[in-house]
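Asks: So that we are looking at the same thing, I have put the structure below in C-alpha cells.
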There are 4 protein chains.
Amino acid sequence: MISSARPLRADAARNRELLLAAAEEEFAARGIDASIADIADRAGVAKATVFSHFASKEELIAAIVGNHFAELTVVARRLLTSADPEAALSDFLTEAAHGIKQQDLTFLRADDDSRVTELRNDLHEAVSALVDRARAAGVVRAEITGTDVFLLICAPVHIAGCHPDADPDLWRRYQAIIFDGLRPTRAELLPQPPPSWP
Amino acid sequence: MISSARPLRADAARNRELLLAAAEEEFAARGIDASIADIADRAGVAKATVFSHFASKEELIAAIVGNHFAELTVVARRLLTSADPEAALSDFLTEAAHGIKQQDLTFLRADDDSRVTELRNDLHEAVSALVDRARAAGVVRAEITGTDVFLLICAPVHIAGCHPDADPDLWRRYQAIIFDGLRPTRAELLPQPPPSWP
Amino acid sequence: MISSARPLRADAARNRELLLAAAEEEFAARGIDASIADIADRAGVAKATVFSHFASKEELIAAIVGNHFAELTVVARRLLTSADPEAALSDFLTEAAHGIKQQDLTFLRADDDSRVTELRNDLHEAVSALVDRARAAGVVRAEITGTDVFLLICAPVHIAGCHPDADPDLWRRYQAIIFDGLRPTRAELLPQPPPSWP
Amino acid sequence: MISSARPLRADAARNRELLLAAAEEEFAARGIDASIADIADRAGVAKATVFSHFASKEELIAAIVGNHFAELTVVARRLLTSADPEAALSDFLTEAAHGIKQQDLTFLRADDDSRVTELRNDLHEAVSALVDRARAAGVVRAEITGTDVFLLICAPVHIAGCHPDADPDLWRRYQAIIFDGLRPTRAELLPQPPPSWP
DNA sequence: TATGAATGAGCATTCATTCAT
DNA sequence: TATGAATGAATGCTCATTCAT
C-alpha cells in the first residue's frame, strides 16, 4: 500500500491504483490473455497511460502478484502474534483463500521478477514461522514444513474452481479436508520428503 | 464401414490421431496459447488440415479434454472390480495424477461442449461408484461424496506446480496429505455441505 | 528474377512481385519509415499477406536490396563482354545510376542478411573485373580498385539529390566529374590506400 | 536586454545549448529515429522541456542543420582571406568533410524552414566566392560553379560510408578523386549544364 | 480430403505532442 | 520556464480462420 521509492503525484498515484484494480478485474474475468486495451478502458485511461506506469504487461502482472504476496505476508505476520497457534494457521489459510477467491489470479506468474521473488520469499518466511509455531504446539504433523503450507495456499480455491457451478463458499470444505490432512493424527510417513525452498 | 459415427478413410483417421497427439504435446509445452500453426507443424500437416478435422481451436481442445475424461473413466471402472476399496480409490487418484503430471493440461477448459459434458458425467459416475464403495468400507468419512473426489483429482499436481523448482514426484506428498484428510479419523463436520452435481 | 528455392504458386508469385514493387515505391516516397500498412495498401493486399511473404520488415528490405545488387551484377557481367573497356566501365556506372535514380533506395541497409551479403559480394566481384580491365587498358589510374568503384556507384545520384530542385539528369554531371577523377591524368598518389573488402 | 531577438534567461539559454548538443549526439548515434525522450534524457531535462525550446521535432532538426550551415559558412569566409585559392577550396572541403564525419547528420533534412534556407543560401554564397576565386586562378574547370561544389560537400563522407567496414579516414581518398575531377586537365565538356540555384 | 495462400481482427508497444501544475 | 503525467495515432507483428484449387 505505502510504497517507498518515488512519491508519485496525487493524480498519478490514483491512476496507478485504478489501473491495478482494473487489471485484476480484467485478468480475473478474461484470464492471462486479458488485453491492455481492455484494462485501460476499464480504468478509464488511455492505453499509453498503462505503459507510463508499467513498462510492460509483464511488469504490470508482477506488480499485481507482488501486491498479493505482500498482503498475505501482512496477514501472516499479524496472526503470528495471536494466542492460539492452531487458529492462527487455520485463519491464515482462510483469509488467504478468501482474498484469492475474490479474484482468482492463480494463473498469474511473475517468476523472473526480482521484487516478486523477494516478496514471495518474505511470505514464505512468514508462513514458515506460523507453521513452526503450529508444529511446536503439536497441531500439525512433525513432517509438515512452511513450504508445504505455502504451496497449499491456493489449493482450496482451485479445487472448488473445478466444479462447474459451485457455491461461492465451497472452498471452505476443501480447506477443512486439507487442514485435517495436516493434523498429526496419522503416524505414517508421507511418501515424499518435504520440498526444499530455493 | 463397420464403425457407426463417421467412417473416416484410413489416412484421415491417422491424421486425426497425429493431430491430437501433436496438440497435446504442444499444449503441454507452450500452454494454452500454443498456436494451430505449431500444432500443424508438429503433426506434419498443413494448417488448414487441422480445420478439416476440428471446426475450431475450441473443438480441438474439447476433443483432447474428452479423451482424458474417457481414459480416466476406464481407469476408474477397472479399479471398481478390484478387491480392496481403499487401495482402489487411492490407486485411482495416483494413476490420474500420474497421467496429468505427464502432460499438465489442467488449464484446458471445454465447458460448453455436449460431448465433453457427457464424458465428464461418465467419469463423475465412475468415481462416485469408487467413493461409495470406499465409504461403505469405512475408509473415507461418511460426508465425502464422489463429487468431492472428482474435484480433488487435479489438486496434488496443481499444488506441486506452485513450487518454483519441484521434484517431479512431489505431487505424491500432497496426494497423501489430501487422502489423509478424507479419512474418517476426525469426527468434526466439514464446514460446507457436499456440492451437488449438475 | 528467377528464384530457385521454392516454386511459388502463380498467384502467390504475382503477389510477391506486386509487394516488392509497392515496397520500392513506398520506400522511395516515404523513406525507410514507410509502413507495412501503406505498402500492403499500395499492393492491394492485406497487411498480414506481407508477412506471409516476408517474415519481417527487415526481410522485405533485404529482398529489395538483394534484387538491386543482383540486377547490377547482371549489367556488369554483360558489359564485361563488350569491346571497349572504358565505355564498359562508364556505361556500367551510367546504367547503375539510372536504375538507382528511378527509385532512390540508397538509404536501405540490409547488412546482417547472408543472402544480401553474398549478392553484394557477387556485384563487388563483377565490378572488380570491369575495373581490372579498364586499368589494364590504361583508362583509370593504377591505384583505383574495384572496391573504389563499387563505393562510388551511388555517389552521382546522391550528390544530385542534395540540390533542392534539380534537373532529373543532373547526376550525369557529377558522374562525369567523378569519372574524370578516376582517369590517369594526374600522377599524384591518393591520400589513402585503397580500401580492403571484407 | 542587450541582445536583440529573444533575451533568454541564462539557465534557459544553457538548456537550449545542452539540448542541441544532446540532440546532435543522439541523432549521430541512433539516426533520424532518435527519440525526443532519449534526447531529453541525455540533456538531463524533462521531455516537455524540449518542446518549450523547440516547437516540434522538425524545428529542433532545423536548428541543428542551420547551425551546421552557419559553421561551414564561417569556415568558407575565413578561407576566402587566405593566399592560395586552390588550397583554400581544398581546405574548405576537407574541413567540411571532417566536421561531417565526426557526426554524420547528412540524413537530417529541414527543407521548409525559412531560417535554414537563409543559412543555406549564405553558405552557398560563401562557397561560390571560394569557387569563383579558384576558377579565376585556373585551378578548377571553367564550367564548375559554386553550386557544384556546394552539392559535393557531403559526397566523400557518403561514399566512404558505403563501405561496410571502412577506415575512418577513407573519405580523404574520395575527396582527392573528386577534387581531381574538378581540375581543368580535360577539355571535354560536362554532359549537363551547371545547376541553377533557387 | 489436403493444402498454400490470404486475411481481418487484434495485440503490445512506441512516440511526438499536449496539458495542468 | 520546467516538468510529470496523459494521450491519440501509429507500427510491426500474430493468429485463428477462410478460400480456391
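Asks: Helix A:10-30 sits at what angle to the longest principal axis of chain A, using alpha carbons and giving 0 to 90 degrees rounded to 10?
Replies: 60 degrees
Asks: Further question: What is the helix-to-structure angle for C:85-102, meaning the angle in degrees between its Cα long axis and the longest Cα principal axis of chain C, kept from 0 to 90 and rounded to the nearest 10?
Replies: It is inclined by approximately 30 degrees.
Asks: If you don't mind, another one. Could you give, in nm with one decimal, how far A:Gly44 is from each other copy of that position, shortest first, with labels 7 Å out from Cα toward Cβ?
Replies: Those label-point separations list as 4.1, 4.9, 5.9 nm.
Asks: In whole Hz and in residue order, list the ³J(HN,Hα) couplings for segment A:160-167 that follow from phi through the Karplus curve 6.51 cos²θ - 1.76 cosθ + 1.60, θ = phi - 60°; x for Gly and Pro.
Replies: For segment A:160-167, the Karplus-derived couplings read 4, x, 6, 7, x, 7, 8, 4 Hz, x marking Gly and Pro.
Asks: Based on the alpha-carbon gyration tensor of segment B:86-156 and its eigenvalue square roots a ≥ b ≥ c, which shape applies: rounded if a/c is under 1.5, prolate if not and a/b is larger than b/c, or oblate?
Replies: Numbers: a/c = 2.44, a/b = 1.47, b/c = 1.66.
Here segment B:86-156 falls in the oblate category.
Asks: Treating only the Cβ of Lys, Arg, Asp and Glu as charged (+1, +1, -1, -1), what charge dipole size does chain A show about its Cα centre? Round to the nearest 20 debye.
Replies: Working: 21 positive and 30 negative charges, 67 e Å.
Approximately 320 debye in magnitude.
Asks: Note down the magnitude of the dipole of the protein assembly as shown about its Cα centre, charges +1 on Lys and Arg C-beta and -1 on Asp and Glu C-beta and zero elsewhere, to the nearest 20 debye. Spell out each step's value before the answer.
Replies: Numbers: 84 positive and 120 negative charges, 4 e Å.
Computed about the Cα centre, the dipole is about 20 debye.
Asks: Return the single residue from A:Ile177, A:Ile61, A:Ile39 with maximal mean-square fluctuation; model: Gaussian network over chain A, springs between Cα atoms under 10 Å.
Replies: Highest fluctuation of the listed residues: A:Ile177.
Asks: In addition: Positive end of the dipole of segment A:138-198, charges at C-beta (+1 Lys, Arg; -1 Asp, Glu), about the Cα centre: which of A:Trp171, A:Ile153, A:Leu182 has its Cα farthest in that direction?
Replies: In segment A:138-198, that residue is A:Leu182.
Asks: Identify which of D:Thr49, D:Thr73, D:Thr147 has the largest mean-square fluctuation in a Gaussian network model of chain D, with springs joining Cα atoms closer than 10 Å.
Replies: Comparing D:Thr49, D:Thr73, D:Thr147 in a Gaussian network model of chain D, the most mobile one is D:Thr49.
Asks: Next up: From the Cα gyration tensor of segment B:11-67, with a ≥ b ≥ c the square roots of its eigenvalues, which class applies: rounded if a/c is under 1.5, or else prolate if a/b is larger than b/c, or else oblate? Mind dumping the intermediate values first?
Replies: On the way: a/c = 1.43, a/b = 1.21, b/c = 1.19.
It comes out rounded by the Cα gyration axes.
Asks: If you don't mind, another one. Give the nm distances, rounded to one decimal, from B:Arg30 to the matching residue in every other copy, measuring between label points 7 Å along Cα toward the beta carbon; shortest first.
Replies: Spelled out, the distances from B:Arg30's label point are 2.1, 3.0, 3.2 nm.
Asks: Let me ask something else. Based on alpha-carbon centroids, what's the gap between segment A:81-141 and segment B:104-163 in Å, whole number please?
Replies: 26 Å
Asks: Got the relative contact order for segment C:1-110 handy, in percent, Cα pairs under 8 Å and 6 or more residues apart? Can you show the working numbers first?
Replies: Values: 66 pairs, mean separation 32.3, N = 110.
Contact order relative to length: 29 percent.
Asks: Please say if segment D:1-104 is rounded, prolate or oblate, where rounded means a/c under 1.5 for a ≥ b ≥ c the square roots of the C-alpha gyration tensor eigenvalues, and otherwise the choice is prolate for a/b larger than b/c and oblate otherwise?
Replies: Oblate, since a/c reaches 1.5 and b/c is not below a/b.
Asks: Could I ask something else about it? With charges only on Cβ, +1 for K and R and -1 for D and E, what is the dipole size of segment A:1-107 about its Cα centre, in debye, rounded to 20?
Replies: I would put it at about 460 debye.
Asks: Could you sort out which of A:Lys47/A:Lys101; A:Lys57/D:Lys57; B:Lys57/C:Lys47; A:Lys47/B:Lys57; B:Lys47/C:Lys47 sit more than 26 Å apart by Cα distance in this structure? Let's see the in-between values first.
Replies: Numbers: A:Lys47/A:Lys101 28 Å; A:Lys57/D:Lys57 29 Å; B:Lys57/C:Lys47 23 Å; A:Lys47/B:Lys57 29 Å; B:Lys47/C:Lys47 20 Å.
Beyond 26 Å: A:Lys47/A:Lys101; A:Lys57/D:Lys57; A:Lys47/B:Lys57.
Asks: Shortest first and in nm with one decimal, please list how far the B:Asp169 label point sits from its counterparts in the other copies (point 7 Å along Cα→Cβ).
Replies: B:Asp169 label point versus its equivalents elsewhere: 4.1, 7.3, 8.8 nm.
Asks: A further question on this structure: How tilted is helix C:171-182 with respect to the longest principal axis of chain C? Cα atoms for both, answer in degrees (0 to 90, nearest 10).
Replies: The answer is roughly 40 degrees.
Asks: Still on this model: With Cβ to Cβ distances under 15 Å as the rule, what net charge do the other residues near C:Leu18 carry (K, R +1; D, E -1)? Display every interim value, and only then the final one.
Replies: On the way: positive: C:Arg9, C:Arg14, C:Arg16, C:Arg42, C:Lys47; negative: C:Asp11, C:Glu17, C:Glu24, C:Glu25, C:Glu26, C:Asp38, C:Asp41.
Counting the neighbours of C:Leu18, the net charge comes to -2.
Asks: Same structure again: Closest to the C-onto-A rotation axis, which residue of chain C has its Cβ, and how many Å off the axis is it?
Replies: Spelled out as residue then distance in Å, it is C:Ala37, 9.
Asks: Which one, D:Ala13, D:Gly31, D:Val45, is farthest towards the positive end of the dipole of segment D:7-53 when Lys and Arg carry +1 and Asp and Glu -1 on their Cβ?
Replies: Result: D:Ala13, furthest along the dipole toward the positive end.
Taken together, the values in this text are just the output of simple stated rules run on the coordinates, not laboratory data. Treat the numbers as computed from the prediction; the structure is a model and nothing was measured. Note: ideal-geometry Cβ built from the backbone for every residue, glycine included; neighbour counts use all protein chains shown.
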